[in-house]
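Here is the structure we will look at, set down as structure tokens.
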Amino acid sequence: MTDEKELTQIERELVLQYLRDDNVPLTITLEEKPDQTEADVTDNRMDSIDYEKRVPASAVFPVAIKSRQIEVLNQGIILLKNAGRLVQPFIGKSVRVQFYFNHVGLYFISTVKEYSMGFAVVIPPSIKRVKDSFKTNDFEVSAVLSFDSVNHVCRPLYGFNLFSQPKWSEIEIEKQHHAKFLLEKFITQGKQSAVILGNGLHLISIVRYLTRTSVPENESVEGLVKPLDIIYIDDKRFVCAAENQDELEVNQHYTLELSFVLASGGPVKRSVRVNSIVEGVFADEDNGLRKCWSCRYENIQNEDVRFLYERISGKKFAG
């Protein structure tokens with residue numbers, strides 16, 4: 001079974017038997033996510049919104065279904081037991097159902113329907129393997145942080161546009177109050193510790209990451225060590241993040257290598273190799289599992305500053 005390839009008939013039968021014999025946890029997500037209403041934020045002023053018009057978070061983010069909440073029938077139907085509240089937003093919609101088979105991530109596309117026996121999804125003829133999202137050559141930008149013989153691979157986090165300025169409106173509406181609290185706290189701490197915050201745009205990405213809704217995620221292989229997530233880059237600093245990992249140390253020096261694809265889908269890349277120092281570690285006391293590390297460049301060459309500024313901002317470097 002290779003990336004995104006459909007299982008053979010024999011492989012599919014083995015998977016179906018596995019599902020029937022051992023109920024496994026599932027992750028369900030919409031194939032097409034509906035638009036969400038967002039709050040417009042200007043000069044730290046938040047406009048009120050009609051919360052009844054908002055799309056429920058469960059209709060946007062993947063939902064984890066526990067193994068005890070499913071039953072797989074011989075007909076290839078998965079019953080979703082006592083999961084009505086979770087799956088209600090998905091009724092009648094095309095969904096992606098993901099699970100692990102012998103630690104290999106698999107998925108199929110189906111529709112959540114309501115039957116006399118309850119909510120269910122029919123397993124279609126086509127079951128595919130989850131694409132390996134760890135491959136850094138699939139991204140416009142990737143990075144490696146190195147210290148001695150230890151390398152930390154970094155990849156962009158889905159939903160964080162590294163080539164545009166962070167916007168307050170990108171933070172989930174219901175999380176903006178707490179995000180504002182964290183932002184003010186980090187600014188105060190930065191001033192007290194003499195940390196160079198610059199324009200502070202990276203702090204918006206940091207508080208967005210720390211307050212975002214947790215998203216269940218199936219990878220191509222279960223149990224792999226995940227790369228660090230890139231959530232912000234500019235010509236002065238690089239910010240990465242992780243959950244359930246304690247990777248980088250504050251004030252520690254790392255060699256940072258950034259790789260950018262120069263043409264969409266093309267093999268030509270431009271690399272920037274620079275020394276960096278972890279100038280700050282950011283966390284939320286309410287969710288200590290998540291951390292962000294801000295790495296400031298040291299002794300960066302002028303041509304690299306120019307390239308980073310123009311590649312990230314899309315503007316001409318004035319010098």
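Derivation of every value follows stated rules applied to the coordinates shown; laboratory data play no part. For clarity, every value in this text was computed on a predicted model and none was experimentally measured. Neighbour counts run over all protein chains shown; Cβ positions are idealised from the backbone, glycine included.
So between His253 and Glu31, what do we pick up on full extension, going 0.36 nm a residue minus the alpha carbon distance?
In short, 75.7 nm is gained.
Which net charge results for the neighbourhood of Asp235, defined as the other residues with beta-carbon distances under 10 angstrom from its beta-carbon, given Lys and Arg at +1 and Asp and Glu at -1?
Local charge sum for Asp235: +1.
Could you list, bin by bin from short to long, the percent of Cα-Cα pairs of the stretch 136-313 in 5 Å steps?
1, 8, 17, 22, 21, 16, 10, 4, 1, 0
Taking the simple approach of a point 7 Å from Cα along Cα-to-Cβ for both Ile109 and Asn244, what is their distance in nm?
For the pair Ile109/Asn244, the computed spacing is 2.9 nm.
If each of Thr8 and Lys191 carries a label point 7 Å out from its Cα toward its Cβ, how far apart are those two points in nm?
Going from the Thr8 label point to the Lys191 one covers 6.7 nm.
Non-local amide H neighbours of Lys93 (under 5 Å, H modeled in plane, Pro and chain starts lacking H): which ones?
Hits under the 5 Å cutoff: Val112.
Hey, with R₀ at 35 Å, roughly what FRET efficiency would Lys131 and Ala318 work out to, going by the Cβ-Cβ distance, to 0.05?
0.30
Amide H to amide H under 5 Å from Ile65: which residues, 5+ apart in sequence or cross-chain, H placed 1.01 Å off N in plane?
Those qualifying (amide H under 5 Å, at least 5 residues apart or on another chain) are Leu26, Thr27, Ile28.
Collect residues whose amide H, placed 1.01 Å from N in the peptide plane, falls under 5 Å from the amide H of Val104; neighbours closer than 5 in sequence don't count.
Glu222
Could you give the length gained on full extension between Asp286 and Ser169, defined as 0.36 nm per residue of separation minus the Cα-Cα distance, in nm?
Gain in length upon complete extension: 39.9 nm.
Once phi is turned into ³J(HN,Hα) by the Karplus curve 6.51 cos²θ - 1.76 cosθ + 1.60 with θ = phi - 60°, what whole-Hz value does each residue of the stretch 310-316 show in order, with x for glycine and proline?
So the Karplus estimates, Gly and Pro as x, are 6, 5, 7, 8, x, 10, 6 Hz.
Give a residue-ordered list of calculated ³J(HN,Hα) values for the stretch 192-206 (Karplus: 6.51 cos²θ - 1.76 cosθ + 1.60, θ = phi - 60°; whole Hz; x for Gly, Pro).
5, 9, 6, 6, 6, 8, x, 7, x, 4, 5, 5, 5, 5, 5
Checking the table Lys175/Lys269; Lys291/Lys315; Lys5/Lys175; Lys175/Lys291 against a 28 Å threshold on Cα-Cα, which pairs fail?
Lys175/Lys269; Lys291/Lys315; Lys5/Lys175
Label Val268 and Val153 with points 7 Å out from Cα along Cα→Cβ: what is the distance between them in nm?
2.6 nm
Using the Cβ atoms and a cut-off under 12 Å, what net charge is assigned to the surroundings of Leu80, where Lys and Arg are +1 and Asp and Glu are -1?
Result for the neighbourhood of Leu80: +3.
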